[in-house]
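Novice: What follows is a single structure, and I will ask about it in a moment.
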Amino acid sequence: MSNESLANLLKEERRFEPPAELAADANVTAEAYEQARADRLGFWAEQARRLSWETEPTETLDWSNPPFAKWFKDGRINVAYNCVDRHVEAGNGDRVALHFEGEPGDSRSVTYAELQREVSKAAHALTELGVNTGDRVAIYLPMIPETVVAMLACARIGAPHSVVFGGFSADALATRIQDADARVVITADGGYRKGGASALKPAVDEALTKPGTENVRSVLVVRRTGQDVEWTEGRDVWWHELVERQPEQHTPEAFEAEHPLFILYTSGTTGKPKGILHTTGGYLTQTAYTHHAVFDLKPERDVYWCTADVGWVTGHSYIVYGPLANGATEVLYEGTPDSPHKGRWWEIVQKYGVTLLYTAPTAIRACMKWGDDIPAKYDLSSLRILGSVGEPINPEAWMWYRQHIGAGSAPIVDTWWQTETGAMMLSPLPGATATKPGSAQLPLPGISATVVDDEAKEVPDGGGGYLVLTEPWPSMLRTIWGDDQRYLDTYWARFEHRYFAGDGAKKDTDGDIWLLGRVDDVMLVSGHNISTTEVESALVSHPAVAEAAVVGATDPQTTQAICAFVILRGTAAEHDTLVDELRAHVSKQLGPIAKPRRILPVAELPKTRSGKIMRRLLRDVAENRALGDVSTLTDSSVMDLIQTRLPAAASED
Ligand code: WT7
């Protein structure tokens with residue numbers, strides 16, 4: 001589709017009805033909303049029965065001490081048994097659980113029966129290392145099958161894991177080991193990324209020299225790349241030596257539904273990272289249900305692929321726990337989308353016949369930038385549902401995803417949720433909802449969310465404010481590890497009895513919800529609240545712009561002035577008038593108040609590993625300050641590039 005016809009399409013109020021055959025055979029229909037509205041707790045009790053409990057719960061929710069929830073508290077269950085063993089017992093041991101694709105091109109398929117043996121051996125190995133129920137295990141691994149095995153082995157013995165993203169530094173790893181007081185670290189010599197072997201073990205060695213990490217007794221090391229590693233005798237153990245010699249049978253023990261399953265750290269705007277605590281029964285219920293409902297998973301036919309890293313909550317909930325609880329066959333890919341070439345993802349979709357794809361807007365925009373001709377070279381006709389998560393997806397990227405990846409017909413499910421919510425909260429249902437480009441639309445069945453104003457009053461359709469969750473949900477965080485007060489202050493203090501997600505949102509005239517980014521990202525310009533997301537979306541709707549990041553810079557006249565950083569499309573030459581043209585374009589789309597004061601073309605934008613734009617750093621640039629902490633950036637040279645370009649490209653009114 002040409003950019004012009006795309007632009008025309010976007011002017012209309014569009015809705016895309018679910019494909020008829022999908023709607024006819026959908027796992028979940030609109031009836032679920034009615035059912036959940038009539039009896040929310042009864043609805044979740046029914047979803048909990050999707051799992052195999054050793055002791056069925058009789059109480060659904062204990063909310064006697066809000067906001068500390070207990071879901072299914074008298075039930076007992078083993079997560080690993082639910083994700084692995086029960087599928088083997090049901091006769092599906094030969095079904096592939098993981099199609100692993102290494103970045104160098106090695107591949108390996110692991111069936112549920114094999115997964116059961118691997119998880120059992122790893123559980124014995126952890127026990128041999130002295131890991132007891134309740135002990136924390138840090139996992140610092142690349143995207144390989146052993147990572148999934150390690151997480152499930154921890155779950156199997158009731159040892160909460162703390163997965164630390166493999167791209168984080170030794171310091172970040174040490175902080176997380178200290179905070180959780182981990183007893184064992186599971187790592188690898190290294191992993192493959194961007195065409196080369198990248199080491200992991202040295203960061204563990206360095207982290208363990210820091211105070212507060214002394215309780216780490218053992219480091220279990222997977223051999224992935226074969227690169228040389230330093231070895232500490234008595235502490236370091238090879239996975240292939242210890243795990244391989246363990247028995248292949250292991251009896252899973254059931255734990256209380258509120259037994260801690262994992263801690264996952266998420267960066268706060270200030271201070272030390274927050275250890276988000278998730279527990280067992282409610283978490284598994286909601287991840288399994290949402291994966292079943294939102295991806296319409298048919299485990300015997302579908303091939304599912306979530307491109308996230310396991311070091312991120314999306315990987316926990318929608319690579320490991322949700323899909324495996326549902327007996328899915330899924331792809332696990334180690335590397336980056338452009339290694340060794342920019343068609344790598346589409347080659348993988350073609351190779352495995354992927355039917356359900358879950359990825360992030362930042363990746364979709366990167367693929368748009370690389371060009372339509374790349375996905376066009378591959379057979380993507382197996383794809384039937386496309387998911388998006390991580391940030392608001394601008395309507396242009398949404399349309400491109402549908403047209404060029406989804407053959408113009410695959411429904412897109414824009415799923416809003418957070419590390420803290422544990423599982424999806426807002427999303428269309430692919431067989432029931434007419435989808436709208438750019439909107440996460442509505443709470444899933446059993447979820448209560450709305451948009452409120454500063455006074456906590458629900459806004460009418462057409463109004464804007466803050467997204468809040470008004471009732472507890474099964475996969476909610478239970479607290480911040482070791483800091484109940486911070487849990488209360490961060491999430492429950494802004495609005496009474498409501499969980500405040502930190503996101504701005506608006507309701508359109510149909511009552512559908514649109515996410516507007518973190519409220520810290522709302523700008524105040526001459527008394528008007530303007531969301532960075534809306535200005536970015538307007539910029540990206542211009543054919544010359546591939547990606548945009550917008551920040552508000554302190555301004556004596558207008559409180560804040562809008563500064564935009566844009567990546568231009570491959571073919572869009574940088575010409576003198578383009579900046580003015582873009583400013584006029586935004587002004588036309590959103591009104592003159594939203595016209596950016598400055599627009600700066602850049603080659604790259606600073607992003608975290610999970611693809612979020614680090615606006616804080618761009619604000620530093622826009623306000624001519626020294627840069628703050630850059631340790632979570634994917635590539636710190638990006639900021640040097642942007643800063644050197646700054647003076648020339650500024651455009652003042
Ligand atoms: C924040 C949570 C959810 C797993 C990955 C990120 C933003 C997430 C969407 C979406 C608009 C979204 C929000 C949210 N976000 N999904 N579909 N539309 N915004 O987890 O790192 O905890 O980040 O990501 O701002 O609060 P996270």
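Novice: I need a count of the residues in segment 30-50 that are within 25 Å of the chain's Cα centre (by Cα) and either β-branched (Val, Ile, Thr) or surrounded by fewer than 19 Cβ atoms within 10 Å (Cβ to Cβ) (or both).
Specialist: The number of residues fulfilling the criteria is 1.
Novice: Let me spell it out: the conditions are (1) touching a Lys or Arg at 6+ places or on another chain (Cβ under 8 Å); (2) crowded, with 23+ Cβ neighbours inside 10 Å; (3) not basic (Lys, Arg), and GLY390 meets all of them except one. Which number is the exception?
Specialist: Result: GLY390 fails condition (2) only.
Novice: Moving on to the next point. Please find, among HIS542, HIS528, the residue that is surrounded by fewer than 20 Cβ atoms within 10 Å (Cβ to Cβ) and away from the ligand (no atom under 12 Å from the Cβ). Give the derivation first.
Specialist: Working: HIS542 fails: surrounded by fewer than 20 Cβ atoms within 10 Å (Cβ to Cβ).
From the options HIS542, HIS528, the qualifying one is HIS528.
Novice: Assess whether LEU426 counts as being within 12 Å of the ligand (Cβ to nearest atom), out of contact with any Cys (no Cβ under 6 Å at 6 or more places or on another chain) and not charged (D, E, K, R). Break it down stepwise before answering.
Specialist: Numbers: within 12 Å of the ligand (Cβ to nearest atom): yes; out of contact with any Cys (no Cβ under 6 Å at 6 or more places or on another chain): yes; not charged (D, E, K, R): yes.
When the stated conditions are applied, LEU426 passes them.
Novice: Continuing with the same structure: What strands (runs of 3 or more DSSP E) completely inside segment 191-280 contain at least 2 residues that are surrounded by 15 or more Cβ atoms within 10 Å (Cβ to Cβ) and not aliphatic (A, V, I, L, M)?
Specialist: Details: elements: 196-199, 218-222, 236-238, 260-266, 274-279.
By residue number, 236-238, 260-266, 274-279.
Novice: Still on this model: Among the residues of segment 394-411, write down those that are within 16 Å of the ligand (Cβ to nearest atom), touching a residue at least 60 places away in the same chain (Cβ under 8 Å) and over 18 Å from GLU534 (Cα atoms).
Specialist: Answer for segment 394-411, where residues must be within 16 Å of the ligand (Cβ to nearest atom), touching a residue at least 60 places away in the same chain (Cβ under 8 Å) and over 18 Å from GLU534 (Cα atoms): ARG402, PRO411.
Novice: Can you give me the ranges of the strands (runs of 3 or more DSSP E) entirely in segment 83-154 with at least 3 residues that are surrounded by 19 or more Cβ atoms within 10 Å (Cβ to Cβ) and among the hydrophobic types (A, V, I, L, M, F, W, C)? I'd like the intermediate steps shown before the answer.
Specialist: Values: elements: 96-101, 107-111, 137-140.
Where strands (runs of 3 or more DSSP E) fall fully within segment 83-154 and carry at least 3 residues being surrounded by 19 or more Cβ atoms within 10 Å (Cβ to Cβ) and among the hydrophobic types (A, V, I, L, M, F, W, C), they are 96-101, 137-140.
Novice: Given the criterion away from the ligand (no atom under 15 Å from the Cβ), in contact with a helix residue (DSSP H, G or I) (Cβ under 7 Å, 6 or more places away or on another chain) and farther than 26 Å from SER198 by Cα, identify the matching residue among LEU356, LEU383. Walk me through it before giving the result.
Specialist: Numbers: LEU356 fails: in contact with a helix residue (DSSP H, G or I) (Cβ under 7 Å, 6 or more places away or on another chain).
Within the list LEU356, LEU383, the selection yields LEU383.
Novice: Further question: Of the residues that sit in segment 429-442 and are within 13 Å of the ligand (Cβ to nearest atom) and over 16 Å from the mean Cα position of the chain (by Cα), which one is farthest from ASN529 (Cα to Cα)?
Specialist: Our first condition is that a residue be within 13 Å of the ligand (Cβ to nearest atom); within segment 429-442, this holds for 435-442.
Within this subset, residues satisfying the condition of being over 16 Å from the mean Cα position of the chain (by Cα) are 435-439, 441-442.
Values: THR435: 27, LYS436: 24, PRO437: 23, GLY438: 20, SER439: 20, GLN441: 22, LEU442: 23 Å.
The extreme case among them is THR435.
Novice: Mind listing just one residue for me: the one in segment 483-503 that is in contact (Cβ under 8 Å) with a residue 40 or more places away in the chain and of a type in the set (A, V, I, L, M) and, of those, surrounded by the most Cβ atoms within 10 Å (Cβ to Cβ)?
Specialist: ALA501
Novice: On the basis of being closer than 20 Å to TRP44 by Cβ, away from the ligand (no atom under 14 Å from the Cβ) and of a type in the set (Val, Ile, Thr), does THR287 make the cut?
Specialist: Details: closer than 20 Å to TRP44 by Cβ: yes; away from the ligand (no atom under 14 Å from the Cβ): no; of a type in the set (Val, Ile, Thr): yes.
No; evaluated as a whole, the condition is false for this residue.
Novice: Taking into account only those residues within segment 371-392 that are closer than 21 Å to GLY504 by Cα and modelled with pLDDT of 95 or more, which is farthest from the chain's Cα centre (by Cα)? Write out each step before concluding.
Specialist: Step one: list which residues in segment 371-392 are closer than 21 Å to GLY504 by Cα, which gives 388-392.
Checking the rest, the ones that are also modelled with pLDDT of 95 or more come to 388-389.
Details: SER388: 9, VAL389: 6 Å.
If we take residues in segment 371-392 being closer than 21 Å to GLY504 by Cα and modelled with pLDDT of 95 or more, then SER388 is farthest from the chain's Cα centre (by Cα).
Novice: Here is a list: ASP521, ASP508. Which entry is closer than 23 Å to LYS588 by Cα, within 16 Å of the ligand (Cβ to nearest atom), of a type in the set (Asp, Glu) and more than 22 Å from the chain's Cα centre (by Cα)? Walk me through it before giving the result.
Specialist: Details: ASP521 fails: more than 22 Å from the chain's Cα centre (by Cα).
Just a single option satisfies the conditions, and that option is ASP508.
Novice: Determine, yes or no, whether VAL468 is of a type outside the set (Gly, Ala, Ser), outside the structural domain of GLY591 (by TED's automatic domain parsing), away from the ligand (no atom under 15 Å from the Cβ) and modelled with pLDDT of 95 or more. Spell out the reasoning first.
Specialist: Working: of a type outside the set (Gly, Ala, Ser): yes; outside the structural domain of GLY591 (by TED's automatic domain parsing): yes; away from the ligand (no atom under 15 Å from the Cβ): no; modelled with pLDDT of 95 or more: yes.
No: the conditions fail for VAL468.
Novice: Do the conditions hold for THR287, that is, is it free of Cβ contacts under 8 Å to residues at least 40 places away in the same chain and either within 23 Å of THR60 (Cβ to Cβ) or assigned to a loop (DSSP other than H, G, I, E, B) (or both)?
Specialist: On the way: free of Cβ contacts under 8 Å to residues at least 40 places away in the same chain: no; either within 23 Å of THR60 (Cβ to Cβ) or assigned to a loop (DSSP other than H, G, I, E, B) (or both): yes.
Answer is no for this residue.
Novice: Being among the acidic types (Asp, Glu) and either part of a loop (DSSP other than H, G, I, E, B) or farther than 12 Å from LEU98 by Cα (or both) is the filter here; which residues of segment 305-344 pass it?
Specialist: Kept after step one, since they are among the acidic types (Asp, Glu), are these residues of segment 305-344: 309, 330, 334, 338.
Across segment 305-344, the qualifying residues are ASP309, GLU334, ASP338.
Novice: Something else: So, GLY462, is that one within 23 Å of ASN529 (Cβ to Cβ), out of contact with any strand residue (DSSP E or B) (no Cβ under 6 Å at 6 or more places or on another chain) and either within 16 Å of the ligand (Cβ to nearest atom) or at pLDDT 95 or above (or both) or not? Talk me through it step by step, then tell me what you get.
Specialist: On the way: within 23 Å of ASN529 (Cβ to Cβ): yes; out of contact with any strand residue (DSSP E or B) (no Cβ under 6 Å at 6 or more places or on another chain): yes; either within 16 Å of the ligand (Cβ to nearest atom) or at pLDDT 95 or above (or both): no.
Considered against the rule, which asks whether it is within 23 Å of ASN529 (Cβ to Cβ), out of contact with any strand residue (DSSP E or B) (no Cβ under 6 Å at 6 or more places or on another chain) and either within 16 Å of the ligand (Cβ to nearest atom) or at pLDDT 95 or above (or both), GLY462 comes out as no.
Novice: In segment 80-99, which residues are without any contact (Cβ under 8 Å) to a residue 40 or more places away in the chain and either under 27 Å from the mean Cα position of the chain (by Cα) or closer than 18 Å to ALA155 by Cβ (or both)?
Specialist: Those that are without any contact (Cβ under 8 Å) to a residue 40 or more places away in the chain and either under 27 Å from the mean Cα position of the chain (by Cα) or closer than 18 Å to ALA155 by Cβ (or both): ARG86, VAL88, GLU89.
The values are calculated or read from the model by the stated rules, or taken from the named source; none is laboratory data. If you're wondering where the values come from, they're calculated on a predicted model, not measured in any experiment. Note that each Cβ is placed from the backbone with ideal geometry, even for glycine, and that neighbours are counted across all protein chains shown.
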